[in-house]
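First the structure, then my questions, so here it is.
The values are calculated or read from the model by the stated rules, or taken from the named source; none is laboratory data. All values derive from a computational prediction rather than experimental measurement. FYI the Cβ positions are ideal-geometry reconstructions off the backbone, even for glycines, and counts take in every protein chain you see. Heavy atoms of the whole protein, side chains included, go into the accessibility calculation; ligands, DNA and RNA do not. Shrake-Rupley method; radii C 1.70, N 1.55, O 1.52, S 1.80 Å.
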Amino acid sequence: MGSSDTFKSLCLEYGFALILRIWLYNSEFKATVSGRVEVSTPINSWKKVTEGVALYKDGINPYSGDMFHESPVGLVIYSQLIDQATPYLSAIFIIFDLLTGHLLYLTAVEYMKHLMRRQNEDKDEYSEEVKELLLTDKDVKRQPLYVVAAYLFNPYILFNTVAQTTTVFSNFCLAASFFCMVKGNRPVVCLFLSLATLQSLYPIVLIVPAAICIGYHTLPPVNKSKSVTSKLPKIYQKILPRALQSTNSDHWVRSMAATIGLFAAMTSSLLVLSCYISGGWEFVHSVYGFMLLVPDLRPNIGLFWYFFTEMFEHFRLLYLWAFQMNALVLYLLPLSLRTRRDPVLLAATLTGITAMFKSYPSLGDVGFYLALLPMWAHIFPYLQQGFIVLAAFIITSVLGPTVWHLWIYARSANANFYFGVGLAFAIAQIFLITDILLSYTKREFILRQVSGSVFNGKHRKLVLA
């Protein structure tokens, strides 16, 4: 596929995506989707934004009640949008959505180039019979097109855009963070991660893969003849990345400290600016306290609402900590150690985990990380649960609105039915992420250690017990 063919494919994808979004915005479908609990939550609802802006204009603190949960910086931006660009709001949401898709395309292009460079560097370590498993130039050009298509034509993303949720803007910040991450641009990635964290808190975990990725980009040439870790026990030599086992290991400390420090400084500056805008720190409880303490238990596609509706009050704090740790920090260290050579995969995995386990998830969060997965299309042949996951996504996506109607309108079902569908949806996502990570591990193992893994053009079955 030449560059002209790629350009034509991109133009066709963006053109169809634009037409589809314009048609949906001008159809009755928009009113239907805007009120869906799977799409709109107290965190990202545009209706909540307009109410908060109205209070702000009337001189009433929108954070004094339980109405508005966006950051003060977002409040000022949305206030200007509503004042100056109300007739063009639909166009603004569409433009940001298309820009997000393009940023993901550019991210995939840079990432595939990185994978090819790493493959060429590591060829000496690969088994002699794995040529058919290696990436080709065709993969490098084709997989970014899959990524942008998976975003632009993803039903979850379409619902999110047509409903005009603020997740459109948070997804843009995340996409910009991923792109700057693969480009190694420390200041800009810290800026966009700070903006994403200011809006929804959970992206704070992405600073770890961002710091690792930037560390690789700024790594000086490695002197393989000397190793500062050669005297360490073998277990530590296995845990540490190969790049750390060099005289440049102090580079990692400086680089990661610089990235995390810059992120902390930018986030703190945005918080101080928010305090200045809102006239105090009351917004902290209304925005981040709302996400962490989960006072609003209206149904959504997450797991919090039903569990804490049934929870005895004296157990609430314990399980609240357990649930939030599961969404934020529980998997951060083990995944960082296991996928340390592929920080982009780590970032995508953490994005998927937070989309599953955050307190107020929406389909826009799920659609974003699903669009990243075609970057690893070369490991799809190793998937074991692909059909099961696909079937579960389709079934739960259809059953969710159906059971909601039976529960709320027909009164022939109850909350257990709807939560059961949401639980199945979460399980499907867990199966998907674990299968992706296992397939990645299988391919890495085959490339380096398995002799005779390909026989007569077919992959031999590898079982990791």
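Could you list, in sequence order, all residues of the stretch 346-394 that are open to solvent by less than 10 Å² (accessible area, probe 1.4 Å), farther than 18 Å from Tyr151 by Cα and among the small types (Gly, Ala, Ser)?
Ser359
Among the residues of the stretch 143-163, which ones are touching a Phe, Trp or Tyr at 6+ places or on another chain (Cβ under 8 Å) and assigned to a helix (DSSP H, G or I)?
Pro144, Leu145, Val147, Val148, Tyr151, Leu152, Ile157, Thr161, Val162
Give me the residue from the stretch 17-34 that is in contact (Cβ under 8 Å) with a residue 60 or more places away in the chain and open to solvent by 30 Å² or more (accessible area, probe 1.4 Å) and, out of that set, farthest from Asn300 (Cα to Cα).
Looking only at the stretch 17-34, we keep the residues that are in contact (Cβ under 8 Å) with a residue 60 or more places away in the chain, and these are 17-18, 20-22, 24-25, 29-30, 33-34.
Filter once more, keeping what is open to solvent by 30 Å² or more (accessible area, probe 1.4 Å): 18, 20, 22, 29-30, 34.
Values: Leu18: 28, Leu20: 26, Ile22: 27, Phe29: 20, Lys30: 19, Ser34: 14 Å.
By that ranking, first place goes to Leu18.
Looking only at the stretch 164-192, which residues are in contact with a His (Cβ under 8 Å, 6 or more places away or on another chain) and not in a helix (DSSP H, G or I)?
Once the filter is applied, which keeps residues that are in contact with a His (Cβ under 8 Å, 6 or more places away or on another chain) and not in a helix (DSSP H, G or I), the stretch 164-192 yields only Gly184.
A further question on this structure: Just wondering, is there one or more residues in the stretch 69-89 that are without any contact (Cβ under 8 Å) to a residue 24 or more places away in the chain, surrounded by 14 or more Cβ atoms within 10 Å (Cβ to Cβ) and of a type in the set (Gly, Ala, Ser)?
Within the stretch 69-89 (the criterion being without any contact (Cβ under 8 Å) to a residue 24 or more places away in the chain, surrounded by 14 or more Cβ atoms within 10 Å (Cβ to Cβ) and of a type in the set (Gly, Ala, Ser)), the answer is no, since none of the residues qualifies.
Go through the stretch 184-204 and report how many residues are closer than 14 Å to Thr259 by Cα, touching a residue at least 40 places away in the same chain (Cβ under 8 Å) and open to solvent by 20 Å² or more (accessible area, probe 1.4 Å).
Summing the residues that are closer than 14 Å to Thr259 by Cα, touching a residue at least 40 places away in the same chain (Cβ under 8 Å) and open to solvent by 20 Å² or more (accessible area, probe 1.4 Å) in the stretch 184-204 gives 4.
In addition: So which residues in the stretch 121-151 are acidic (Asp, Glu) and closer than 23 Å to Phe445 by Cβ, if there are any at all?
As a first pass, look at the stretch 121-151 and keep what is acidic (Asp, Glu): 121-122, 124-125, 128-129, 132, 137, 139.
Passing the criteria: Glu121, Asp122, Asp124, Glu125, Glu128, Glu129, Glu132, Asp139.
Note down all Cβ pairs under 8 Å where the first residue falls in the stretch 253-270 and is more than 19 Å from Trp281 (Cβ to Cβ) and in a helix (DSSP H, G or I), the second is open to solvent by less than 50 Å² (accessible area, probe 1.4 Å) and not aliphatic (A, V, I, L, M), and they're at least six residues apart or on different chains.
That search, which allows pairs on different chains as well, returns Ser255/Gly215; Met256/Gly215; Thr259/Cys190; Thr259/Gly215; Leu262/Cys190; Phe263/Cys190; Phe263/Ser194.
Let me ask another. Within the set of pairs 6+ apart or on separate chains, which have a first residue in the stretch 302-314 that is assigned to a helix (DSSP H, G or I), a second that is buried (at least 16 other Cβ atoms within 10 Å of the Cβ) and acidic (Asp, Glu), and C-beta atoms under 8 Å apart?
none
Can you name the residue in the stretch 110-120 that is aliphatic (A, V, I, L, M) and open to solvent by less than 30 Å² (accessible area, probe 1.4 Å) and is also nearest to Arg443 (Cα to Cα) among such residues?
Pass one, the stretch 110-120, residues aliphatic (A, V, I, L, M): 112, 115-116.
Keeping just the survivors that are open to solvent by less than 30 Å² (accessible area, probe 1.4 Å) gives 112, 115.
Values: Met112: 16, Leu115: 13 Å.
The selected residue is Leu115.
Filter the stretch 336-345 for residues that are assigned to a helix (DSSP H, G or I) and open to solvent by 30 Å² or more (accessible area, probe 1.4 Å); which is nearest to Arg443 (Cα to Cα)? Walk me through it before giving the result.
Quick first cut of the stretch 336-345, residues assigned to a helix (DSSP H, G or I) only: 336-338, 343-345.
Imposing the further condition that a residue be open to solvent by 30 Å² or more (accessible area, probe 1.4 Å) reduces the set to 337-338.
Working: Leu337: 18, Arg338: 14 Å.
Across the stretch 336-345, the extreme among qualifying residues is Arg338.
Now, a different point. Residues being farther than 21 Å from Pro299 by Cβ and free of Cβ contacts under 8 Å to residues at least 60 places away in the same chain: count how many of those fall in the stretch 35-61.
Matching residues across the stretch 35-61 total 10.
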